[in-house]
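J.: Quick one: this structure, given as structure tokens, is what I'll be asking you about.
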Amino acid sequence: MYAILKDREVVKVDNVLDWANWFETHNRTVARTVLNRRKHILVSTVFLGVESGWREEQWFETMIFGTSLDQSYCLRTATWKEAERAHAEAVRVARNARWIKGQSRRQFRKSIKAIRREGPKLIRAMTKELQVSLKPSLEISLEESKSSTT
């Protein structure tokens, strides 16, 4: 499915040629924030013009480039207003990203390796702890459901 923008509103189009003509002649940028020109760190939000959502229509995309989150941080939204909010959030996230704060790529990779190594153990421990803490409430709700059916 294709769409164009009219007064910042998404308008679906059936004709691919209409969409392509609009796409060539209009600015699709919602916002672009350069955080560090020398290191090429920026946040970009654009109108895609092509539906990219799995469950709902998502026409806009916000991405961070040049930080530890380079191209892995991606938010998709349905409206112009949501895209502006996503952009503001991405700028906040990018400002707090590791490489901007001074951690070298080597230090960052070391941190990621440690997380990958220790992460599964932590997740298993947290899951087990959660199961133990939820078990009494689950047993009570099961007993209540049995007594209400009889």
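Quick note: the coordinates plus some simple rules give every number you see, no bench work behind them. Small disclaimer: the values here were computed from a predicted structure and weren't measured. So basically every Cβ, Gly included, is an ideal-geometry build from the backbone, and we count neighbours across all protein chains shown.
J.: For every other residue with a beta carbon closer than 12 angstrom to the beta carbon of VAL91, add +1 if it is Lys or Arg and -1 if Asp or Glu, then tell me the sum.
T.: Around VAL91, the surrounding residues sum to +2.
J.: Now for a separate question. With only alpha-carbon pairs counted, each pair once and no self-pairs, how large is the Kirkwood hydrodynamic radius of segment 2-101 in angstroms? Don't skip to the answer; put the middle values down first.
T.: On the way: mean 1/r = 0.0707 Å⁻¹.
Radius from the Kirkwood sum: 14.1 Å.
J.: Taking amide H atoms as placed 1.01 Å from N in the peptide plane, list the residues 5 or more away in sequence, or in a different chain, whose amide H sits under 5 Å from that of LEU48.
T.: The answer is PHE60, GLU61.
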